[in-house]
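Report on the following structure.
Computed from the coordinates by the stated procedures, all read-outs in this text should not be read as laboratory data. It should be emphasised that the depicted structure is a prediction, and the values quoted were computed from it without experimental measurement. Here the Cβ positions follow ideal geometry from the backbone for every residue, glycine too, while neighbour counts run over all protein chains shown.
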Amino acid sequence: MKRSLLILIFPVILMSSCALIKKPASSSSEFENYQEDLSESRITFPSLEEQAAKEEISPKGDEKIASANEDLEIALNNLKEANKSEMYWSGYTVLVYSGVDREIAFKTRNDLFTYFPDFKTDMQYQQPRYLVKVGKFVNRIEALTYYHKLKENFPSSRIIQDRFLREGYIIPEPVTDGQQKN
């Protein structure tokens with residue numbers, strides 16, 4: 001009985017409390033005379049005609065303004081000069097054979113000369129293994145063309161990172177204690 005009485009009273013209380021809370025409706029007539037000036041805080045841009053007129057009027061004196069191409073050329077020349085002092089450069093090569101068997105290494109090198117006479121083949125011995133490499137490339141994309149051609153006849157070939165001795169690099173003479181330059 002108490003339970004049924006509570007079930008009846010609870011919705012009545014809930015409905016009456018919602019009816020008590022009413023927001024006063026505002027009419028649009030209250031804001032009819034509202035004004036606000038935002039022109040001082042807005043960003044304004046000059047028109048294109050004004051900018052073009054200023055460029056035509058401004059004198060172009062003896063000031064030389066370097067273009068982006070000239071700046072880029074200077075930066076590239078500085079980079080070339082810095083790279084000339086490096087003994088090695090990093091790049092990519094296609095490794096055709098890597099193993100300890102000397103006969104297989106020489107056979108692979110000879111097969112490369114037979115199948116691809118225009119490819120420059122390099123054979124190295126790094127104890128205890130022999131390496132047969134093809135090409136010296138600056139980036140991996142350049143090496144991909146050789147890799148796809150070699151993959152048909154030499155399925156174990158792969159592209160690896162490598163360091164190459166810079167052509168034309170002159171090894172500086174070592175300085176002894178008595179010959180130090182100031």
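With a Cα cut-off of under 20 Å and a minimum spacing of 8 residues unless on different chains, the lysine pairs in region 77-182 number 14. For the chain, list log₁₀ I(q)/I(0) at each q in 0.08, 0.14, 0.16 Å⁻¹, using the Debye formula over Cα point scatterers of equal strength and ignoring solvent, two decimals each. The Cα Debye sum returns log10 ratios of -0.64, -1.01, -1.09.
Computed over the alpha carbons of region 76-182, Rg followed by Dmax gives 17.9, 59 Å.
Mind checking the full-extension length gain between residue 78 and residue 8? Use 0.36 nm per residue of separation minus the Cα-Cα distance, one decimal, nm. Separation in residues times 0.36 nm, less the Cα-Cα distance, equals 16.2 nm.
Of the GluC sites (Glu not before Pro) in region 61-161, the ones in a loop by DSSP (not H, G, I, E or B) with at most 13 other beta carbons within 10 Å are 63, 86. A simple spin-label model places pseudo-atoms 7 Å from Cα toward Cβ; at residue 37 and residue 107 they are separated by 9.5 nm.
Give the range of the longest stretch in the chain that excludes all trypsin sites (Lys or Arg not before Pro) found in loop regions by DSSP and having at most 11 other beta-carbon atoms within 10 Å. No qualifying site falls inside 121-180, the longest such stretch.
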